[in-house]
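First up is the structure itself, then whatever we jot down about it.
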Amino acid sequence: MGVSSTNLRRLRLGKLKIVRRRLLQHYEHQPFISLLAGLYSCRWKRYQRQKTEPGQWCCQWKENVFFFFLISAFCLALVFLYFWGEAKNDYNDFDWYTYRNLGYWFLWSVLILAVVAVLFTYVAILVVLAVCLLSEGQQLYLHWCHKAGTLVILVFFIAALAALSNLWGEEWSAVRLSFQVTAPYLHIGSLACMTLLSWPVALYFVRMNKRSSQLIIAGPYLAVLLFLYFIPLGMYSPCIREEGTLGAKPLLIGHRGSPILAPENTKMSFEKTIEQGGDGLETDVTISYDGVPFLMHDSTLKRTTNIQEVYPNLTNANAAMLPWDLLETLNAGKWFTQKPPFSSMDPLSDEDQQTARNQSIAKLSDYLKLAERANKTVIFDLYRPPKDHPYRDSWINRTLDVILNETTIDPKLVLWLASDMRPFVQSIAPGFQQVQGSKASVEELVSNHIVKLNLPYSEMSQPDIRMYAAANITTNFYVVSEPWLYSLAWCAGAYSVTTNTVKTLKRMEKPMFLLTPAQYNLMWILTDIISAFLIALIFVLHWWRERGFSCCPESNEIADAGFYNTFKTEDLSHFPPKADSFEMRWTCRCRRKVMEGVCPPPRMQDPTLTT
């Protein structure tokens, strides 16, 4: 009798331990769900949440609409963030554009990047929370403040993309070019996201009891997945090439010198370019009212000189309408230390700061003499003076006079870009290298003695570069400052690039994202196989958990009889309503789900049983 009593106590204690362990597993899991639901729905208490049942959608139709808005806001934010990230190469152009329209200098590009990053992070966190809740089988309910924030972000990015497409539509060319070097890695990241997303997709696919519902869930997912699996077949990148076929590293021409290290278009800026190993110098030439060619990019002197301090009434005057005696008295470097033009500038040493503060406007002759001493090629945009200017019609002659008579630079170092009076220039200075700023047929270029094309990087094309190179016409692209864009120009076969970052690009030993076809094929095929295997495994796992191997062995039926008798008289409203009898409702599968905490247990009518 004592032995039987001891065995009975052991049996009851063992069952109690099993139930306690399962209950602890159930409740230990709740803090994580509580955190997710609290952040997403502001519902921190358990009774405020609701779990989805088999055959039930993740949320009501209103929540479906806002979930669609949330996904749309995330996608638009991702597109804009990628767009603005790739536009970093042209941040200076954007800031200069806003300066011309607003009248004061500010790094608006960096501010926009910070705002976009914050908004993207916010909406990305909401998407991650939603996916985690779906993976846990919880119904979605987006809190009203998050709904308002989602709508604001959605409208913001729609307006931002529309405005940029209208005002800065050519920047989409940078995005198109970026795909040529980043597409293989974007492909891997996309498949990783789709693989993680397969968990909630598979869960709801298996739980749905209608084929139409399963098709709605799995159809779009599988369509996107198949598209990602086979998209590498249509990818093109000049950086995917056989070993030994990469051309020479493009030469580096300093854009207005080195504007990231010194004030643009000053002697210090060009000296920094030479010091960093640049192969050429680029600048902008304007002619003063008394006929002195000098270096200046803007039409006014407001941004890059102190004219607003010393001559306030001339702040908005055209620089070409001022005499050289006045121009040479202006300070052209102090602004550089007060309003840095780039966000990624290295701090200047005390010596460089002092040198920058004492820079003045440089003459064309000084620029040419500096290039001559360093044996560097020169290229410049030559601006025609405005109306009522004394040299309005003789600007070409005056510039040639300075080059040929006031300096001794080798004519072969001069890349002549101005298209006006080109036959006259060729007759006066046959040693100049004639450069054209637009594409044309090879026959036309050869007939005009063009030896180089100077093109915006948005027109970069490997077939065109090869076509012109076959006719001994080289290509230079501007302005190429980011390593990824320089890598693309290198792989495409560009001869040279005009850049703001000679120091950075000079250190590159090989292009970024350089792959052989064999490496690329192995990478994307292996990624596809691993992704397909994991997704299939996740679908099988959910099918096994929800519908497979649900019956229990006969040896467990006696042990479960107590549960059967206990639940037989209880409220069965929590079980599927389609069951015709208690025996059909109380299956081994549902009993197992109750014990594991997946299905809600029936309410106990007997207080002693609850205890």
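The values are calculated or read from the model by the stated rules, or taken from the named source; none is laboratory data. Bear in mind that the values here come from a model prediction, so they are computed numbers and not experimental data. Every residue, glycine among them, receives a Cβ derived from its backbone with ideal geometry; neighbour counts consider all protein chains shown. The accessibility values were calculated without ligands, DNA or RNA, using every heavy atom of the protein model including side chains. Shrake-Rupley method; radii C 1.70, N 1.55, O 1.52, S 1.80 Å.
Could you please let me know if LYS503 is out of contact with any strand residue (DSSP E or B) (no Cβ under 6 Å at 6 or more places or on another chain) and not polar (S, T, N, Q)? For LYS503, the condition - out of contact with any strand residue (DSSP E or B) (no Cβ under 6 Å at 6 or more places or on another chain) and not polar (S, T, N, Q) - is met. Going residue by residue through the range 69-79, is there one that turns out to be open to solvent by 60 Å² or more (accessible area, probe 1.4 Å) and outside any helix (DSSP H, G or I)? There is no residue in the range 69-79 that is open to solvent by 60 Å² or more (accessible area, probe 1.4 Å) and outside any helix (DSSP H, G or I). Looking at ALA114, ALA37, ALA124, ALA87, which one is under 24 Å from VAL175 (Cα atoms), crowded, with 18+ Cβ neighbours inside 10 Å and modelled with pLDDT of 75 or more? None of the other options fit; the residue is ALA87. Cβ-Cβ below 7 Å, separation at least six or inter-chain, first residue in the range 208-226 and at pLDDT below 90, second not in a helix (DSSP H, G or I): which pairs? Within 7 Å, the pairs are MET208/GLY55; ASN209/PRO54; ASN209/GLY55; GLN214/MET208; ILE217/MET208. Reported count of residues in the range 320-343, each being of a type in the set (Val, Ile, Thr) and either buried (at least 16 other Cβ atoms within 10 Å of the Cβ) or more than 43 Å from the chain's Cα centre (by Cα) (or both), is 1. Count of the range 441-460 residues, restricted to those that are within 37 Å of the chain's Cα centre (by Cα), among the hydrophobic types (A, V, I, L, M, F, W, C) and open to solvent by 20 Å² or more (accessible area, probe 1.4 Å), is 2.
Yes/no matrix, rows are residues, columns are (1) of a type outside the set (Gly, Ala, Ser); (2) touching a Gly at 6+ places or on another chain (Cβ under 8 Å):
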{"residue": "PRO430", "(1), (2)": "yes, no"}
{"residue": "SER447", "(1), (2)": "no, no"}
{"residue": "ILE450", "(1), (2)": "yes, no"}
{"residue": "ASN454", "(1), (2)": "yes, yes"}
{"residue": "PRO463", "(1), (2)": "yes, no"}
{"residue": "ALA469", "(1), (2)": "no, yes"}
{"residue": "SER481", "(1), (2)": "no, no"}
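Can you find a residue in the range 346-367 that is among the charged types (D, E, K, R) and part of a strand (DSSP E or B)? Scanning the range 346-367, I find at least one residue that is among the charged types (D, E, K, R) and part of a strand (DSSP E or B), so the answer is yes.
Scanning the range 482-499 for residues that are open to solvent by 10 Å² or more (accessible area, probe 1.4 Å) and either within 21 Å of the chain's Cα centre (by Cα) or without any contact (Cβ under 8 Å) to a residue 12 or more places away in the chain (or both) gives GLU482, PRO483, TRP484. When the range 163-184 is filtered for residues that are hydroxyl-bearing (Ser, Thr, Tyr) and either surrounded by 18 or more Cβ atoms within 10 Å (Cβ to Cβ) or within 12 Å of the chain's Cα centre (by Cα) (or both), the ones remaining, listed by number, are SER178, THR182. Restricting attention to the range 410-446, the residues that are among the hydrophobic types (A, V, I, L, M, F, W, C), under 18 Å from ASP284 (Cα atoms) and not in a helix (DSSP H, G or I) add up to 7.
Yes/no matrix, rows are residues, columns are (1) modelled with pLDDT of 90 or more; (2) in contact with a Cys (Cβ under 8 Å, 6 or more places away or on another chain); (3) closer than 22 Å to ALA124 by Cα:
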| position | (1), (2), (3) |
| --- | --- |
| GLY149 | yes, no, yes |
| VAL155 | yes, no, yes |
| LEU164 | no, no, no |
| TRP168 | no, no, no |
| SER173 | no, no, no |
| ALA183 | no, no, yes |
| LEU186 | yes, no, yes |
| LEU196 | yes, no, yes |
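So in the range 192-236, with the set limited to residues that are in a helix (DSSP H, G or I) and under 17 Å from LEU515 (Cβ atoms), which one is farthest from the chain's Cα centre (by Cα)? Once the filter is applied, the top-ranked residue is LEU233. Would you mind stating whether TRP105 is modelled with pLDDT under 95, assigned to a loop (DSSP other than H, G, I, E, B) and of a type outside the set (Asp, Glu)? So TRP105 passes the test. Being more than 22 Å from TYR478 (Cβ to Cβ) and crowded, with 24+ Cβ neighbours inside 10 Å: is that true of LEU301 here? For LEU301, the condition - more than 22 Å from TYR478 (Cβ to Cβ) and crowded, with 24+ Cβ neighbours inside 10 Å - is met. Quick check: anything in the range 510-528 at pLDDT below 50 and on the phi > 0 side of the Ramachandran plot? No, because not a single residue in the range 510-528 is at pLDDT below 50 and on the phi > 0 side of the Ramachandran plot.
Being more than 38 Å from the chain's Cα centre (by Cα) and among the β-branched types (Val, Ile, Thr) is the requirement here; does VAL378 meet it? For VAL378, the condition - more than 38 Å from the chain's Cα centre (by Cα) and among the β-branched types (Val, Ile, Thr) - is not met. Against the conditions (1) open to solvent by 20 Å² or more (accessible area, probe 1.4 Å); (2) more than 22 Å from GLY219 (Cα to Cα), TRP199 satisfies every one except (2).
Considering (1) surrounded by fewer than 20 Cβ atoms within 10 Å (Cβ to Cβ); (2) part of a loop (DSSP other than H, G, I, E, B); (3) at pLDDT below 95, the lone condition that LYS249 does not fulfil carries the number (3).
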